[in-house]
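Have a look at the structure below, then the notes.
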Amino acid sequence: FADARRSEITGDLTEMRVEDLIAEEDMVVTLSHTGYIKRTPLSEYRAQRRGGRGKTGATTKEDDFLTDIFIASTHAYVLPLTNRGRLYWLKVHEIPAASRTSKGKPIVNLVQFSEGEKLAQMLVTKEFTENQFVLFVTKNGTVKRTDLPAFSNVRSAGIAAITIEDGDGLVAVKITDGTKDVLISTAQGMSIRFNETEVRSMGRTAVGVKGITLEPGDEVVSAEVVEKGTTLLTVTENGYGKRTIEDEYRVQGRGGKGIIDIKTTDRNGRVVGAVQVRDEDEVMIVTTSGVLIRMKVKDISVIGRNTQGVRLITLDGADEKVAGISHVPEVKDEELGGEGGGEGEGGEGETETPAAPATPAPATPAPETPPTES
């Protein structure tokens, strides 16, 4: 046209992302034992008064239960890790939204795992900040520490987070601040505690270094980042277990044989798992026949390291064994933004507790037997 332009174009064009159109909102994300995941707006968990029953956090199948529950922004990252050491990305807003009573969707429908890969661990972070680390522990006693920012760019096909050698497998993955102690437990009842600074920071494809020296036939079953004031709950395959105060596990040098955590006698069998707990927590024990039992941690005896423990679950015959133990997460009132309080009894509940599955009759715990001291 002959006339001069009257409009003015200024500024730089920037790439528009999907999450730019999504409001930042806190979500309650739950993951079940069989891999079902969902997110629910935090606003659905209103603050309640003390003394009541709480709310249902999720509906699960009869043989399923919640293993992880956390609060995260819609713009936060969920990082699933597989048994082959690959790491994937998933933004919280990409997790299907569902009601409190829904069981959610299988995580394998959201992340394209390679053939033979299974979900081993899951991490959550808002930002890939400096001075934060990812600590890996494998079945053969290898430990590795990598800077968290190394995982800030992940492809849809995933990236190698750790090189897993043949015959090995990922047991635990934790985000740390670089100053904590690590406590590793083995199937033959040994344990070792050392400071994570003994493991230098390595690249993503590194194998790692020796965390514990294992006896023939032994393997790592769990690893925890030690928090002060907690106890370590150790459970054996024959249904016995005990709690021990974390102070009883002295700090040692990395790579040693460690010290005795629990006696693996004919009565106890091998250790199937060890979890760090507090008195107010609950745990779920699963058997090889699919029986589940949920119990309060405070009902389990606190005794010394080198002991046999007490009976936690009565098994049905010699063929049934304990398959695993899991900490049952709970969203407390203060985590949900409530002010707590309320007068008298009969309120609507102080905590938002995920629904416990119906416990079959065989899972009723037997009376405790006196602990056997060394």
Ranked packing of 29-40, 280-291, most packed first, by mean Cβ within 10 Å: 29-40, 280-291
Probe 1.4 Å, all protein chains present, accessible-area order of 100, 250, 243, largest first: 250, 100, 243
Protein accessible area in the range 75-137, 1.4 Å probe - carbon and sulfur %: 43
Residue 172 long-range amide H proximity, modeled H, under 5 Å: 137
For residue 25, residues with placed amide H under 5 Å, excluding near neighbours: 74, 75
Size of the range 82-151 as Cα extents on the principal axes (Å, biggest first): 38, 30, 20
Residue 321 - accessible surface, heavy atoms, 1.4 Å probe, Å² rounded to 10: 60
Sites residue 298 and residue 155 - FRET efficiency at Förster radius 56 Å, r taken between beta-carbons, to 0.05: 0.80
Fully extended contour minus Cα-Cα distance, from residue 179 to residue 209, at 0.36 nm per residue: 9.0 nm
For the range 196-271, accessible area per residue (1.4 Å probe, heavy atoms of protein chains only), Å²: 43
Equivalent-ellipsoid semi-axes of the range 92-204, from the Cα gyration tensor, Å, largest first: 27, 18, 16
Among the listed pairs 228/257; 118/242; 38/118, those beyond 27 Å (Cα-Cα): 118/242
Residue 164 - accessible surface, heavy atoms, 1.4 Å probe, Å² rounded to 10: 40
Accessible area of the range 199-300 belonging to carbon and sulfur atoms, whole % at 1.4 Å probe: 47
Residue-level accessible surface for residue 127, protein heavy atoms, 1.4 Å, Å²: 110
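The values are calculated or read from the model by the stated rules, or taken from the named source; none is laboratory data. These figures come from a predicted structure and were not determined experimentally. Positions of Cβ are backbone-derived with ideal geometry, glycine not excepted, and every protein chain shown enters the neighbour counts. The area values use the complete protein model at the heavy-atom level, side chains included, leaving out ligands, DNA and RNA. Shrake-Rupley method; radii C 1.70, N 1.55, O 1.52, S 1.80 Å.
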